[in-house]
Amino acid sequence: MFFGLDLASPLFWSAFGSILLANIVLSGDNAVVIAMAARTLQPAQRGKAIFWGSAAAIVMRIVLTIVAIQLLTLPFLKLIGAVLLVYIGVDLLRGEDEGDGEGKEINGMAAAIRTILIADLVMSLDNVLAVAAAAKGDVPLLVLGLLVSIPLIIFGATLLTKVMERFPIIITIGAALLGFLAGEMLLTDPAVTTYLGVMSSQTVTIAGVVGALLVVVLGKWLTRAHAGSDATA
């Protein structure tokens, strides 16, 4: 026994494997955000931001998972989350042209960790339900499964930051992903479904595409506008 867990039980390993697999599969978009938020930092700070951002996000996800069912029934919560995701996506796109002065590096790391936490909180609202279901109400098992997934998420985010340096288009794709998730969240909020009814999967997907286009277009436009103002200054 380990903290009340029967490590010799096949049921334990079955549930543990389900939690681990669900968290890895559902955290792909979170790894993208972590990589995007940390990509502009210096290599040493980048590693710290990815580690602490990922660890803090997992701890926050544990708390969120325990109260997820109650949270997801609150109206307007997903609407707020959708707005936050659009903001984060646009802000990450604009971050491509920011400088890396020494005075900005510490603030930059703090800002990166903050972005990771906010994005993970918003995007985990639906994901945590699958993890909670896999745990079958066993909180120690849930905590252990999520904690073990930390190094896997860190590895994925670290790998993505290196890929982004070689293929900058992935940054745009990552921002579009946030917009897509925002569009889907918007139409699945209880306040919207109560007023307009449950939307078809096709309608929700179309809303996601519109959200993706909105983030990319708005982010690129603001980046060009910012560059133009700097050139005329």
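The values are calculated or read from the model by the stated rules, or taken from the named source; none is laboratory data. From a predicted model like this one, the values you see are computed outputs, not experimental measurements. Cβ placement follows ideal geometry from the backbone for every residue including glycine, while neighbour counts extend to all protein chains displayed.
Do the conditions hold for V32, that is, is it under 15 Å from the mean Cα position of the chain (by Cα), under 30 Å from W221 (Cβ atoms) and at pLDDT 80 or above?
No.
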Search the stretch 148-160 for residues that are within 14 Å of V32 (Cα to Cα) and of a type in the set (S, T, Y) and pair each with any residue that is at pLDDT 75 or above and part of a helix (DSSP H, G or I) when their beta-carbon atoms are under 7 Å apart and the residues are at least 6 apart or on different chains. T158/I50
If T194 meets every condition in (1) in a helix (DSSP H, G or I); (2) without any contact (Cβ under 8 Å) to a residue 60 or more places away in the chain; (3) of a type outside the set (D, E, K, R); (4) surrounded by fewer than 17 Cβ atoms within 10 Å (Cβ to Cβ) apart from one, which number is that one? (2)
Does the stretch 147-158 contain any residue that is at pLDDT below 85, within 21 Å of V83 (Cβ to Cβ) and β-branched (V, I, T)? no
Say whether the condition of being under 28 Å from L160 (Cβ atoms) and either in contact with a strand residue (DSSP E or B) (Cβ under 8 Å, 6 or more places away or on another chain) or among the charged types (D, E, K, R) (or both) is met by at least one residue in the stretch 197-205. no
Please specify each residue of the stretch 161-191 satisfying the condition of being crowded, with 21+ Cβ neighbours inside 10 Å, touching a residue at least 60 places away in the same chain (Cβ under 8 Å) and not aliphatic (A, V, I, L, M). T161, G174, G179, G183
Among the numbered criteria (1) under 16 Å from A119 (Cα atoms); (2) aliphatic (A, V, I, L, M); (3) in contact with a Leu (Cβ under 6 Å, 6 or more places away or on another chain), which one does I171 miss? (3)
